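Take a look at the structure below.
The values are calculated or read from the model by the stated rules, or taken from the named source; none is laboratory data. What you see is a predicted model, and the numbers here were worked out from it, not measured in a lab. In this analysis, Cβ positions are derived from the backbone assuming ideal geometry, glycine residues included, and neighbour counts consider all displayed protein chains. Side chains included, ligands, DNA and RNA excluded: accessible areas come from the protein's heavy atoms. Shrake-Rupley method; radii C 1.70, N 1.55, O 1.52, S 1.80 Å.
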Amino acid sequence: MAGIIAILGVFVADTAYRAERAPRMGETILGNKFALGPGGKGSNQAVAAARAGGEVHFISRLGQDDFADMALKTWAEAGVTAAVTQDPDSFTGAAYIFIEEASGDNAIIICPGAAGDISVTDIEARRDLIESAAVFVTQLEQPMAAAERGLSIARAAGVKTILNPAPAAEIPATMLALCDFVTPNESEAEGITGVAVHSISDAENAADVMLSKGVGAALVTLGEQGVLFKDRENCTHIPAMVAGPVLETTGAGDAFNGGFAAALAEGKDPVSAARFGCAVAGISVTRAGTAPSMPTRDEVDALLAANPII
Ligand code: RIB
């Protein structure tokens, strides 16, 4: 039987603008399309893991407003249990997402709102939940002290720990040493290690630096080049899985992390879990939005069956 997945992170309302290019400072341009929907890295990961079959509890803070209602509805539909404090004196955050029409690539500004106030005390209040989990996941959109306390409680209880170090930040070595798995993209890997990552072999070099800082395993996500997994025994390149034409890459990292966590909680070995995460991401990029693009378990299993390991 699969164990619980406890995810600490942020929900925001994504406001996504598709346009040919980003505006320059002082310029107004016409966009082609706008969408409002649920986002935030932690919440997206929770939705991805739950839709992939995981029992997910999401730890966060919200305001008491329309965007908070959107969060609660999103989690209820995905089957995520909310471990959330609502603060009437704050607000639920939002993200500005620019999507480049030709490539589907994005640039994001996020204001976390109430989730920016998640404190070490909030995490202590969720200690029992974290200790009861099989897997604990966090990112860096809420304060780093809260992430570090969550990782530390999880590590002391023997819970597998995943840090998705996004957005890129300087991370203390003490915090990296609490992580069984760290899952940066290319630029986040460079932020942690100083190694510029443009290729699979660069990713391996960056992974070596992360391992030397006490991380259990590094999984460097490389977009269409897949994922480089490296721990102290094993170095494996997992190719990206293509489920169709790419529409939007926003949230692909969250899809990977949610899928990876769900598979680990089922007891899959880390390389198989990373392959499962690649399948979740491979489907999500063929759809618009972040949380709404996360696939069901049946869809993930079908893509994995269509891409057997040779
Ligand atoms: O990873 C994608 C997410 O980053 C978006 O949903 C946006 O809200 C930002 O947090």
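All but one of (1) open to solvent by 30 Å² or more (accessible area, probe 1.4 Å); (2) within 14 Å of the ligand (Cβ to nearest atom); (3) polar (S, T, N, Q) hold for THR74, so report the exception by its number. Answer for THR74: the failing condition is (1). Pairing residues of region 225-238 that are within 11 Å of ILE200 (Cβ to Cβ) with residues that are among the basic types (Lys, Arg), at Cβ distances under 7 Å and at least 6 apart in sequence or on separate chains, gives ILE238/ARG275.
Matching residues to (1) under 21 Å from ALA166 (Cα atoms); (2) in a loop (DSSP other than H, G, I, E, B); (3) open to solvent by 40 Å² or more (accessible area, probe 1.4 Å):
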| residue | (1), (2), (3) |
| --- | --- |
| THR249 | yes, yes, yes |
| GLY258 | yes, no, no |
| ALA273 | yes, no, no |
| GLY282 | yes, no, no |
| PRO292 | yes, no, yes |
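Selection of first residues in region 179-203 that are in contact (Cβ under 8 Å) with a residue 40 or more places away in the chain and of second residues that are assigned to a loop (DSSP other than H, G, I, E, B) and surrounded by 24 or more Cβ atoms within 10 Å (Cβ to Cβ), restricted to Cβ pairs under 7 Å at least 6 apart or on distinct chains, gives the following pairs, ordered by first then second residue: THR183/ASN164. Please tell me if GLY226 is of a type outside the set (D, E, K, R), surrounded by 19 or more Cβ atoms within 10 Å (Cβ to Cβ) and in contact with a His (Cβ under 8 Å, 6 or more places away or on another chain). Judged against the criteria, GLY226 is a match.
Just the residues that are within 16 Å of the ligand (Cβ to nearest atom) and more than 17 Å from SER43 (Cβ to Cβ), please, taken from region 249-276. Walk me through how you get there before you give the answer.
Going residue by residue through region 249-276, those that are within 16 Å of the ligand (Cβ to nearest atom) are 249-261.
Of everything in region 249-276, just one residue is within 16 Å of the ligand (Cβ to nearest atom) and more than 17 Å from SER43 (Cβ to Cβ), namely THR249.
The set of residues from region 13-67 being among the hydrophobic types (A, V, I, L, M, F, W, C), more than 15 Å from the ligand (Cβ to nearest atom), open to solvent by less than 60 Å² (accessible area, probe 1.4 Å) and not in a strand (DSSP E or B) comprises ALA22, ILE29, ALA50, ALA52. Is it the case, given these coordinates, that ARG287 is modelled with pLDDT of 95 or more, of a type outside the set (Asp, Glu), open to solvent by 10 Å² or more (accessible area, probe 1.4 Å) and more than 16 Å from the ligand (Cβ to nearest atom)? Spelling it out, it is not the case that ARG287 is modelled with pLDDT of 95 or more, of a type outside the set (Asp, Glu), open to solvent by 10 Å² or more (accessible area, probe 1.4 Å) and more than 16 Å from the ligand (Cβ to nearest atom).
Taking (1) open to solvent by 30 Å² or more (accessible area, probe 1.4 Å); (2) part of a loop (DSSP other than H, G, I, E, B) in turn, ARG155 satisfies each apart from (2). Can you say whether ALA102 is closer than 27 Å to PRO184 by Cβ, touching a residue at least 40 places away in the same chain (Cβ under 8 Å) and within 16 Å of the ligand (Cβ to nearest atom), as far as the supplied structure shows? The answer is no for ALA102.
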